1. Test Val112 against the stated conditions and say whether it is of a type in the set (Val, Ile, Thr), without any contact (Cβ under 8 Å) to a residue 24 or more places away in the chain and in the same structural domain as Ser166 (by TED's automatic domain parsing).
2. Among the residues of the stretch 32-49, count how many are outside any loop (DSSP other than H, G, I, E, B) and either hydrophobic (A, V, I, L, M, F, W, C) or within 22 Å of Pro355 (Cβ to Cβ) (or both).
3. Could you list all residues from the stretch 50-72 that are within 24 Å of the chain's Cα centre (by Cα), assigned to a helix (DSSP H, G or I) and of a type outside the set (Lys, Arg)?
4. Take the residues in the stretch 1-17 that are under 14 Å from Ile39 (Cα atoms) and of a type in the set (D, E, K, R), then tell me which one is surrounded by the most Cβ atoms within 10 Å (Cβ to Cβ).
5. Against the condition more than 16 Å from the chain's Cα centre (by Cα) and either among the polar types (S, T, N, Q) or modelled with pLDDT under 95 (or both), how does Thr307 come out, does it pass?
6. Given the conditions (1) surrounded by fewer than 19 Cβ atoms within 10 Å (Cβ to Cβ); (2) within 25 Å of Ile148 (Cα to Cα), report the number of the one that Met74 does not fulfil.
7. Confirm whether Asn147 is farther than 17 Å from Ile6 by Cβ, assigned by TED's automatic domain parsing to the domain that holds Phe56, exposed (fewer than 14 other Cβ atoms within 10 Å of the Cβ) and out of contact with any Phe, Trp or Tyr (no Cβ under 6 Å at 6 or more places or on another chain).
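The values are calculated or read from the model by the stated rules, or taken from the named source; none is laboratory data. None of these values were measured; they are calculated from a predicted model. Cβ atoms come from the backbone with ideal geometry, glycine included; neighbour counts cover every protein chain shown.
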Amino acid sequence: MRVALIHDWLVTYAGAEKVLEQILHIYPRADLFSLVDFIQPGKRGFIKNKQVTTSFIQKLPFAKKNYRNYLPLMPRAIEQLDVSNYDVVISSSHAVAKGVITGPDQVHISYVHSPIRYAWDLQHQYLKEAGLENGLKGIVARNMMYNIRNWDYRTANGVDYFLSNSDFIGRRIWKVYRRESDTIYPPVDVSAFTLKLEKEDFYLTASRMVPYKKIDLIVESFSKMPDKKLVVIGDGPDFEKIKGKAASNVTLLGYQSFEVLKDYMQRAKAFVFAAEEDFGITPVEAQACGTPVIAFGKGGALETVVTYKKSDKPTGLFFYEQKIESLKEAIMEFEENQQLFFAENCRRNAVKFSPERFRDEFQQFVESKVRDHINNNEV
């Protein structure tokens, strides 16, 4: 079985690349395609040091640092990648990878991290954050998004089977493409985190400091609760702004190594997570340490955190408005019910999202769909 893997772009090692890494564990002989490949030598282990077939964007001026500026060209670029000699095409897509062109005798399975967020339901948020709400640039940006939406919807017809990384994204796939999908949760390296039973008297949040992560909301909320300690790990464009909102009970550590992050995750009484994420890896990592999670009750967190209202083995609770009072109430609720949360239950829940589980589910799905395709063609 000849397998081609299509990835949007290879520039870093983040959530989508961790999924790609596990797919390559299943299909180590697969050929890899991407719009661009700027992974440095010595850091290519996750793609098994494969040679990557790239698009014409790879050679465009300043593509290494500003590849995103070529978004209007990406649909054409992905369609120029020739995968006609493969039996199975697997796209790992959060932008345009699913738009690769395949034929009727090929099986195209697309694992969707999200339909293009900035072209669909998050368009207004992205335009606002980029300062493109008004003026000529705003008109150009909106027209570009309109064209990408049309292309994105049309190319959904070229996918035989959709996989989503959460039921939340499955609903977005249905909303955008009117296509059913199966959910296979992405892999979380829970083995890198170890269970710690004893907890200390502080809360933790960790994230890159960008607007949608809502770290400012968490810091402001704890600043209004001076008897509760908060530790914040991470840096980013909003660091100084957030630092200015922090009271004396809030400690900002900036960027820290993985070992330091893990140590704080293990010792924290709870991990606070205020973003609306498609899946959200850090709440699972916290649970792998035996640490319960207080999360915004929307998006993927609803599928990874178990509340005491639904189970006798809870791993956290939710707040349902991204507002200070809502989060403060959730903190109070957690402290009133802290005796219900056991580190062992948190760890047990996190193991459900292991890489081994992902590989098993993914391989079974692909093999079953290939069998179906072969049987249908024989008939």
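1. No; evaluated as a whole, the condition is false for this residue.
2. 6
3. Residues satisfying the conditions are Ala63, Asn66, Tyr67, Asn69, Tyr70, Leu71, Pro72.
4. Among residues in the stretch 1-17 that are under 14 Å from Ile39 (Cα atoms) and of a type in the set (D, E, K, R), the one surrounded by the most Cβ atoms within 10 Å (Cβ to Cβ) is Asp8.
5. yes
6. The one condition Met74 does not meet is (1).
7. Considered against the rule, which asks whether it is farther than 17 Å from Ile6 by Cβ, assigned by TED's automatic domain parsing to the domain that holds Phe56, exposed (fewer than 14 other Cβ atoms within 10 Å of the Cβ) and out of contact with any Phe, Trp or Tyr (no Cβ under 6 Å at 6 or more places or on another chain), Asn147 comes out as yes.
For (1) closer than 30 Å to Asp160 by Cα; (2) outside any strand (DSSP E or B); (3) in contact (Cβ under 8 Å) with a residue 40 or more places away in the chain, each residue gets a yes or a no:
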position: Val306; (1), (2), (3): no, yes, yes
position: Glu321; (1), (2), (3): no, yes, no
position: Ser326; (1), (2), (3): no, yes, no
position: Ala330; (1), (2), (3): no, yes, no
position: Glu361; (1), (2), (3): yes, yes, yes
position: Val366; (1), (2), (3): yes, yes, yes
position: Lys369; (1), (2), (3): yes, yes, yes
position: Ile374; (1), (2), (3): yes, yes, no
